[in-house]
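A short worksheet on the structure shown next.
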Amino acid sequence: MAKILWLTWKDLKNPLAGGAEVVSGELAKRLVADGHEVVFLTANFENGEKEEIVDGYKIIRLGNKWTVYWKVYRYYKKNLQGWADVVIEEINTMPFFTQFYIKNTKRFLFFHQLCRKIWFYQIFFPLNVIGYIIEPVYLWVLRKNKAITVSQSTKKDLVKYGFKKDNIHIISEGINIDPFKDINTIQKFDKPTILSFGAVRKMKRTSHQLKAFEVAKKQIPDLQLKISGLVNDKYGEEFVKDVANNQYKKDIEFMGRVSNVKKEELMQRSHLICVTSVKEGWGLIVTEANSQGTPAVVYNADGLRDSVKHNKTGLVCNKNTPENLAENIVKLLKNKEKYEKLRQNAWKWSKEITFEKSYKDLCRILNII
């Protein structure tokens, strides 16, 4: 049995956790169930416990999102040097540079996505400019490492920055929602409904979905918009105000963050989900909605073009604009035959995207089967 050290700046209990943390948590849980020992080194957060056991694996939280990289280095050198058989360095924005202090141990870098474009959406000046400039530099430094990722889009990005194709391994994504047994029995909302789901953040371009709804509503007068997502910055606060002042506000429902039960209900009853992120590792929210009988209309962005097969399981915009998003929304909702075909295809494909498959892929790559 292997001892696995997993480095990442967020764990699943972090308030900023997203799809990447769901994936790492599910994989770690399965590793422990198979007898492996797993320790996470990650950043702490307000009211977070410094150490705890979650689903059998140990989480040690050090510093915050800015200091975690230095704190992890010091903690490793003092307490864990030589302990691990395998090290997984998950890179989200910045690397831990384990290649410089973890020697003679099997190591893998784990990328969900690269951040080049995201710097200008999520980080303030001048850190956004600094991040944009240094990302290609640190990727060049890391280029000889073995890497794990979840999509062809991210693999292409890594190759572009110097990684060898043969050193990049793709694992399946997974979802922790069971696909609905028979989507023909789902009762959709009485009026055509678009779902916007996920954190209301600048890089998610949630405001584009609101604008697209306004444009599409001119052709589908009874169109509704349901919005669910965490608001924790100025962009989100401004978006909430825009919803409150919108000319179609009676047909818009903003719910904030919802329970998993409500999430599944929204995914089942809505007619479409729209995703407009600047970049994703994989559009996990797309696959989740597909599993509940709802196809997606998405922007042509990394991750989203991987999680949607254009004209087969959903639609990928040819222009990343609210107007083109609206055009595709109208096109799909007005063509019942095509809508049903894409809906069925998306649901069937979602059954193939499982954490069981993801875990088998990971074990094969780590060579711990």
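Here, each number is a calculation from the coordinates, and none is a lab measurement. Note that the coordinates shown come from a computational prediction; the quantities given were computed from them, not determined experimentally. Quick reminder, even Gly has a Cβ in these numbers, built from the backbone with ideal geometry, and neighbours come from all protein chains shown.
State the antiparallel share, in %, of DSSP beta bridges confined to the chain, rounding to the nearest 5.
Values: 5 of 47 bridges.
Antiparallel: roughly 10 percent of the beta bridges in the chain.
Distance between the C-alpha centers of segment 54-110 and segment 222-274? Whole Å please.
37 Å
What's the FRET efficiency of residue 170 with residue 134 using the Cβ-Cβ distance as r and R₀ = 30 Å, to the nearest 0.05? Numbers along the way, then the final one.
Numbers: r = 26 Å, r/R0 = 0.86.
Approximately 0.70, to the nearest 0.05.
Given the C-alpha centroids of segment 148-204 and segment 305-363, what is the distance between them in whole angstrom?
10 Å
Using only helices, what value at 222 nm comes out for the chain when you add -39,500 (n - 2.57) per DSSP H run of length 4 or more and divide by the total residues, to the nearest 500 deg cm²/dmol?
Numbers: 13 runs with 136 residues, N = 369.
Rounded to the nearest 500, it is -11000 deg cm²/dmol.
Considering only Cα-Cα distances, which of the following residue pairs are longer than 32 Å: 10/262; 211/341; 50/226? Show your work: numbers first, answer last.
On the way: 10/262 25 Å; 211/341 27 Å; 50/226 37 Å.
Those over the limit are 50/226.
Work through the residues other than residue 100 whose Cβ is under 13 Å from its Cβ and net out their charges, Lys, Arg +1 and Asp, Glu -1.
Result for the local shell: +3.
Could you sort out which of 29/165; 309/357; 202/357; 65/204 sit more than 26 Å apart by Cα distance in this structure?
Working: 29/165 29 Å; 309/357 20 Å; 202/357 32 Å; 65/204 20 Å.
Long pairs (Cα-Cα over 26 Å): 29/165; 202/357.
Where both partners of a DSSP beta bridge lie in segment 183-350, what percent of those bridges are antiparallel, to the nearest 5? It would help to have the intermediate numbers written out before the result.
Working: 0 of 17 bridges.
Antiparallel: roughly 0 percent of the beta bridges in segment 183-350.
Select from 100, 108, 40 the residue whose mean-square fluctuation is largest in a Gaussian network model of the chain (Cα-Cα springs shorter than 10 Å).
100
Between residue 85 and residue 47, take the C-beta separation as r, use R0 = 30 Å, and let me know the FRET efficiency to the nearest 0.05. Before the final figure, lay out the partial values.
On the way: r = 33 Å, r/R0 = 1.10.
Taking R0 as 30 Å, the efficiency between residue 85 and residue 47 is 0.35.
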